[in-house]
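First comes the structure, then the notes that go with it.
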Amino acid sequence: MDTTPAAWLRERPSLTGTPPALHPDAVPDDPLALFLNWITAAAEAGVAEPHAATLATADADGTPDARTLILKDVDERGWAFAGTRSSAKGRQLAVNPAAALNFWWQPVLRAVRVRGPVVEAPAGESAADLAARSAAARAGVADGDWVLWRIVPNRIEFWQGATDRRHTRIVYTREGDRWLRSWSGGDGTRRGADEEGRG
Ligand SMILES: Cc1cc2nc3c(=O)[nH]c(=O)nc-3n(C[C@H](O)[C@H](O)[C@H](O)COP(=O)(O)O)c2cc1C
């Protein structure tokens, strides 16, 4: 680096991906379907590890923490990830069972944010997840320390950047047993019950 960090950083390109066609009015009612659509599109666009994501948790006093991990499963029960109970995330989730999970898929200029309470999977599922790991990955994990958790989202944001910076943001919020959907972006239009605008 032969310049200041700020100057060097300013020269790095951002929003260099190629956003696919997106029609916010035509996305599925269920955010799980849209998530599966986007993560497979990311893989097809060349994202080598589209299931790698940043998980944010917080200590009991609210101090945030974040780390990279792998999405292990996703279905109507939630977005599943795994690790040890004795890890920082394990300790944080024990006192503060809520998290946010962030995906960034550069080639398609897309990001997804998943947020909500976290529940621990039944012990049999955690054991099955550990058993599916390689012997090397299992080594050193104490009995009962491996946990599969699920974020049960109450809010999911799908963000797609545009090279002209007219980004699109589709937000699903859970209301009881159904999802409300709103979106803004592209040409500056806004549709649906925006979270901020409700109640
Ligand atoms: C691509 C990638 C995938 C990872 N996957 C996991 C994972 O699935 N579970 C996990 O506990 N840590 C995973 N890690 C390691 C974590 O990022 C982290 O360093 C470690 O787990 C400590 O997290 P903690 O905050 O819970 O202590 C991964 C790291 C990278 C870079």
#### Entry: Qualifying residues in the stretch 96-122 (those that are among the polar types (S, T, N, Q) and out of contact with any Asp or Glu (no Cβ under 8 Å at 6 or more places or on another chain)) - the one farthest from GLU44 (Cα to Cα)
ASN102
### Task
Mind counting the residues in the stretch 117-160 that are without any contact (Cβ under 8 Å) to a residue 24 or more places away in the chain, outside any helix (DSSP H, G or I) and either among the β-branched types (Val, Ile, Thr) or farther than 29 Å from TRP38 by Cβ (or both)?
3
### Task
List every residue pair whose Cβ atoms sit under 9 Å apart, with the two residues 6 or more apart in sequence or on different chains, where the first one lies in the stretch 55-72 and is touching a residue at least 24 places away in the same chain (Cβ under 8 Å) and part of a strand (DSSP E or B) and the second, anywhere, is near the ligand (Cβ under 7 Å from one of its atoms) and among the hydrophobic types (A, V, I, L, M, F, W, C).
LEU55/LEU69; LEU55/PHE81; THR57/ALA88; ASP65/ALA88
### Query
When residues of the stretch 87-116 are filtered for being within 11 Å of the ligand (Cβ to nearest atom) and part of a helix (DSSP H, G or I), how many remain?
6
### Task
Could you please find all residues in the stretch 43-54 being more than 8 Å from the ligand (Cβ to nearest atom) and either aliphatic (A, V, I, L, M) or not in a strand (DSSP E or B) (or both)?
ALA43, GLU44, ALA45, GLY46, VAL47, ALA48, PRO50, HIS51, ALA53
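Let's see how each residue does on (1) at negative phi; (2) surrounded by 13 or more Cβ atoms within 10 Å (Cβ to Cβ); (3) modelled with pLDDT of 95 or more:
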site	(1), (2), (3)
LEU15	no, yes, no
GLU49	yes, no, yes
ALA53	yes, yes, yes
ALA88	yes, yes, yes
### Query
Out of the stretch 1-48, which residues are free of Cβ contacts under 8 Å to residues at least 12 places away in the same chain and closer than 17 Å to VAL114 by Cβ?
PRO28, ALA33, ASN37, THR40
## Note on the structure
The correct count of residues that are touching a strand residue (DSSP E or B) at 6+ places or on another chain (Cβ under 8 Å) and more than 12 Å from the ligand (Cβ to nearest atom) in the stretch 62-86 is 4
### Query
Does THR40 satisfy the criteria of being out of contact with any strand residue (DSSP E or B) (no Cβ under 6 Å at 6 or more places or on another chain), assigned to a helix (DSSP H, G or I), hydroxyl-bearing (Ser, Thr, Tyr) and under 17 Å from LEU109 (Cα atoms)?
yes
### Summary
Residues in the stretch 107-153 that are at pLDDT 95 or above and polar (S, T, N, Q) total 1
### Task
For the stretch 17-47, enumerate the residues that are surrounded by 13 or more Cβ atoms within 10 Å (Cβ to Cβ) and either among the aromatic types (Phe, Trp, Tyr) or at positive phi (or both).
PHE35, TRP38
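The values are calculated or read from the model by the stated rules, or taken from the named source; none is laboratory data. Remember, predicted model here, so these are calculated numbers, not experimental data. So basically every Cβ, Gly included, is an ideal-geometry build from the backbone, and we count neighbours across all protein chains shown.
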